[in-house]
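Student: Here it is: the structure, laid out below.
Values in this text are rule-based calculations from the coordinates and carry no lab data. Here the structure is a predicted model, which means the values were calculated and not measured. Note: ideal-geometry Cβ built from the backbone for every residue, glycine included; neighbour counts use all protein chains shown.
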Amino acid sequence: MKSTLLIGTRKGLIVYHYRSGEWRLESTHFPGIPVSIAYADPRLDTWWACLDHGHWGVKLQRSLDRGENWEEVKAPAYPEAAKVKDDISATTRYLWAMQHGGIKYPNRMWIGTEPGGLFVSKNGGDDFQLVESLWNHPSREEQWFGGGRDYAGIHSIVLDPRDEDHLFVGISCAGVFETTDSGKNWTVRNKGLHADFLPNPKAEVGHDPHLLVAAPSAPDILWQQNHCGIFRSSNAAQQWDDITQKDGPAKFGFAIAVAEDNPDQAWVAPAVSDTHRVAIDGALCISRTDDGGKTWQDFRKGLPQENCYDIVYRHGLANTGDWVVFGTTTGNIFISDDRGYHWQVLSNYLPMIYSVQFTE
């Protein structure tokens with residue numbers, strides 16, 4: 001298992017470490033500043049913090065010594081000529097996803113942003129350039145739009161560990177896009193999805209994958225917690241299958257995580273609906289499938305079962321080995337050491353939680 005937990009919150013980065021049989025608070029960073037994503041690059045043990053200053057805008061911080069020291073690096077910036085629409089200049093409004101470039105490209109980093117731009121660095125994050133091929137995709141100006149934010153955003157970047165030129169990105173709202181040549185060309189991968197909020201629910205572009213993830217042990221198996229249900233692909237997004245629980249809570253939500261050792265096991269954090277983003281019946285639960293979404297189980301032991309309004313944002317659920325952790329919009333952290341059967345409180349007193357990640 002990985003023994004460090006990075007927690008990005010509305011008021012800073014919080015780090016827990018597992019030692020002597022328990023998780024303990026280790027350090028805090030950037031107090032009072034929203035951390036939209038805290039990300040650990042396992043290749044060089046580099047930590048990143050994406051900051052969302054209310055006045056100063058987005059900032060990007062990097063640590064080469066596990067948070068002992070931080071340095072600000074230049075945040076992704078759109079070229080002056082880039083336009084969201086004909087009369088709206090593109091400026092970086094939010095840093096929403098990070099992904100390293102793999103062993104083959106030790107100096108490559110990817111960042112997903114709002115308003116829908118993917119950026120790449122080829123020098124370890126010293127600077128980033130807009131991936132023009134995706135930004136100039138013919139569908140973007142007319143068919144991409146904001147899902148809960150003003151503009152479209154790239155919140156998921158999935159790297160194929162077998163072929164590091166192969167990437168998927170999840171865009172709200174546009175859908176899943178694939179490249180097999182490090183971003184030179186892109187293919188839409190939304191077949192089988194349905195978007196009830198569109199005039200044509202089966203439109204090629206315009207879907208809202210709340211989070212896109214791949215099974216670590218079988219990268220061709222992809223999962224997404226979608227605005228309109230839960231979907232799974234067994235053939236690298238060539239086709240998506242609806243695995244939403246028909247008569248249970250595993251339907252609407254944001255976060256999804258897949259077991260490291262079982263491509264058929266996954267967890268979601270259900271909420272009522274898009275119009276009622278609260279815990280179902282005032283009770284918090286985590287749902288798990290062990291058979292690729294054919295059936296789902298609800299786990300509630302140790303979780304509040306009355307007067308609960310918590311939901312889990314898209315990056316707020318993670319797992320390593322038998323451990324599963326999630327953080328909520330009201331600052332609660334719950335952790336399980338048995339894949340979700342039983343939960344215990346890690347903290348009830350944190351700010352709103354945006355992201356959680358296990359790292360070494």
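Student: Could you look through the range 130-178, keep only residues that are outside any loop (DSSP other than H, G, I, E, B) and without any contact (Cβ under 8 Å) to a residue 24 or more places away in the chain, and pick out the one that is farthest from PHE119 (Cα to Cα)?
Tutor: To start, the set of residues in the range 130-178 that are outside any loop (DSSP other than H, G, I, E, B) comprises 130, 132-135, 140-143, 153-159, 167-172, 174-178.
Among the residues that remain, those that are also without any contact (Cβ under 8 Å) to a residue 24 or more places away in the chain are: 132, 142.
Working: GLU132: 9, GLU142: 21 Å.
Among those that are outside any loop (DSSP other than H, G, I, E, B) and without any contact (Cβ under 8 Å) to a residue 24 or more places away in the chain, it is GLU142.
Student: For the range 92-104, give me each residue that is touching an Asp or Glu at 6+ places or on another chain (Cβ under 9 Å), among the hydrophobic types (A, V, I, L, M, F, W, C) and surrounded by 12 or more Cβ atoms within 10 Å (Cβ to Cβ).
Tutor: Hits for the range 92-104 are LEU95, TRP96, MET98.
Student: Look at the range 336-345 and say how many of its residues are surrounded by fewer than 20 Cβ atoms within 10 Å (Cβ to Cβ) and part of a strand (DSSP E or B). Break it down into steps so the answer makes sense when it comes.
Tutor: Residues of the range 336-345 that are surrounded by fewer than 20 Cβ atoms within 10 Å (Cβ to Cβ), as a first pass: 337-339, 341-342, 344-345.
Then drop every residue that is not part of a strand (DSSP E or B), which leaves 342, 344-345.
Selection size over the range 336-345: 3.
Student: Ok, one more. GLN245: closer than 21 Å to GLN143 by Cβ, polar (S, T, N, Q) and surrounded by 15 or more Cβ atoms within 10 Å (Cβ to Cβ), yes or no? Steps first, please.
Tutor: Values: closer than 21 Å to GLN143 by Cβ: no; polar (S, T, N, Q): yes; surrounded by 15 or more Cβ atoms within 10 Å (Cβ to Cβ): yes.
So GLN245 fails the test.
Student: Being under 23 Å from GLU178 (Cβ atoms) and outside any strand (DSSP E or B) is the filter here, so list the residues in the range 264-275 that pass it.
Tutor: ASP264
Student: Does VAL176 satisfy being surrounded by 21 or more Cβ atoms within 10 Å (Cβ to Cβ) and in contact with a helix residue (DSSP H, G or I) (Cβ under 8 Å, 6 or more places away or on another chain)? Break it down stepwise before answering.
Tutor: Working: surrounded by 21 or more Cβ atoms within 10 Å (Cβ to Cβ): yes; in contact with a helix residue (DSSP H, G or I) (Cβ under 8 Å, 6 or more places away or on another chain): no.
For VAL176, the condition - surrounded by 21 or more Cβ atoms within 10 Å (Cβ to Cβ) and in contact with a helix residue (DSSP H, G or I) (Cβ under 8 Å, 6 or more places away or on another chain) - is not met.
Student: Further question on the same structure: Please state which one of VAL58, VAL84 is touching a residue at least 24 places away in the same chain (Cβ under 8 Å), under 17 Å from GLY117 (Cα atoms) and touching a helix residue (DSSP H, G or I) at 6+ places or on another chain (Cβ under 9 Å).
Tutor: That would be VAL84, the only listed residue that is touching a residue at least 24 places away in the same chain (Cβ under 8 Å), under 17 Å from GLY117 (Cα atoms) and touching a helix residue (DSSP H, G or I) at 6+ places or on another chain (Cβ under 9 Å).
Student: May I ask you to say which residue of LYS202, LYS251 is of a type in the set (D, E, K, R) and over 20 Å from the mean Cα position of the chain (by Cα)? Spell out the reasoning first.
Tutor: Details: LYS251 fails: over 20 Å from the mean Cα position of the chain (by Cα).
Going through LYS202, LYS251 in turn, the sole match is LYS202.
Student: Can you name the residue in the range 9-24 that is in contact with a His (Cβ under 9 Å, 6 or more places away or on another chain) and more than 13 Å from VAL325 (Cα to Cα) and is also surrounded by the fewest Cβ atoms within 10 Å (Cβ to Cβ) among such residues? Let's see the steps before the verdict.
Tutor: The initial filter retains those residues of the range 9-24 that are in contact with a His (Cβ under 9 Å, 6 or more places away or on another chain), namely 12-15, 23-24.
Going one step further and asking which of them are more than 13 Å from VAL325 (Cα to Cα), we end up with 12-15, 24.
Values: GLY12: 20, LEU13: 27, ILE14: 26, VAL15: 18, ARG24: 10.
So the residue we want is ARG24.
Student: If you scan the range 215-233, which residues turn out to be among the hydrophobic types (A, V, I, L, M, F, W, C) and out of contact with any Phe, Trp or Tyr (no Cβ under 6 Å at 6 or more places or on another chain)?
Tutor: Our first condition is that a residue be among the hydrophobic types (A, V, I, L, M, F, W, C); within the range 215-233, this holds for 215, 218, 221-223, 228, 230-231.
ALA215, ALA218, ILE221, LEU222, TRP223, CYS228, ILE230 - these are the residues of the range 215-233 that are among the hydrophobic types (A, V, I, L, M, F, W, C) and out of contact with any Phe, Trp or Tyr (no Cβ under 6 Å at 6 or more places or on another chain).
Student: Now, a different point. How about the range 287-335: which strands (runs of 3 or more DSSP E) wholly inside it have at least 1 residues that are touching a residue at least 12 places away in the same chain (Cβ under 8 Å), aliphatic (A, V, I, L, M) and in contact with a strand residue (DSSP E or B) (Cβ under 6 Å, 6 or more places away or on another chain)? Let's see the steps before the verdict.
Tutor: Working: elements: 297-299, 317-320, 323-327.
In the range 287-335, the matching strands (runs of 3 or more DSSP E) lie at 317-320, 323-327.
Student: Scan ALA40, ALA75, ALA90 and give me the residue that is under 24 Å from THR329 (Cα atoms) and under 23 Å from the mean Cα position of the chain (by Cα).
Tutor: Numbers: ALA75 fails: under 24 Å from THR329 (Cα atoms); ALA90 fails: under 24 Å from THR329 (Cα atoms).
Criteria check complete, one pass: ALA40.
Student: Another question, if that's okay. Looking only at the range 304-313, count every residue that is closer than 17 Å to GLY340 by Cα and either crowded, with 24+ Cβ neighbours inside 10 Å or among the hydroxyl-bearing types (Ser, Thr, Tyr) (or both) and tell me the total.
Tutor: Counting residues in the range 304-313 that are closer than 17 Å to GLY340 by Cα and either crowded, with 24+ Cβ neighbours inside 10 Å or among the hydroxyl-bearing types (Ser, Thr, Tyr) (or both) gives 1.
Student: Answer with yes or no whether GLY316 is surrounded by 23 or more Cβ atoms within 10 Å (Cβ to Cβ) and under 30 Å from ALA236 (Cβ atoms).
Tutor: Numbers: surrounded by 23 or more Cβ atoms within 10 Å (Cβ to Cβ): yes; under 30 Å from ALA236 (Cβ atoms): yes.
When the stated conditions are applied, GLY316 passes them.
Student: Could you please give the count of residues in the range 122-133 that are surrounded by fewer than 20 Cβ atoms within 10 Å (Cβ to Cβ) and either under 20 Å from the mean Cα position of the chain (by Cα) or charged (D, E, K, R) (or both)? Show your work before the answer.
Tutor: At the first step, the residues of the range 122-133 found to be surrounded by fewer than 20 Cβ atoms within 10 Å (Cβ to Cβ) are 122-124, 126-127, 129, 132-133.
In the following step, the residues that additionally are either under 20 Å from the mean Cα position of the chain (by Cα) or charged (D, E, K, R) (or both) were identified as 122, 126-127, 132.
The total comes to 4.
Student: Can you tell me how many residues in the range 1-48 are without any contact (Cβ under 8 Å) to a residue 24 or more places away in the chain and on the phi > 0 side of the Ramachandran plot?
Tutor: Matching residues across the range 1-48 total 3.
Student: Of the conditions (1) in contact (Cβ under 8 Å) with a residue 12 or more places away in the chain; (2) among the small types (Gly, Ala, Ser); (3) surrounded by fewer than 22 Cβ atoms within 10 Å (Cβ to Cβ); (4) touching a Phe, Trp or Tyr at 6+ places or on another chain (Cβ under 9 Å), SER89 fails just one. Which one is it?
Tutor: (1)
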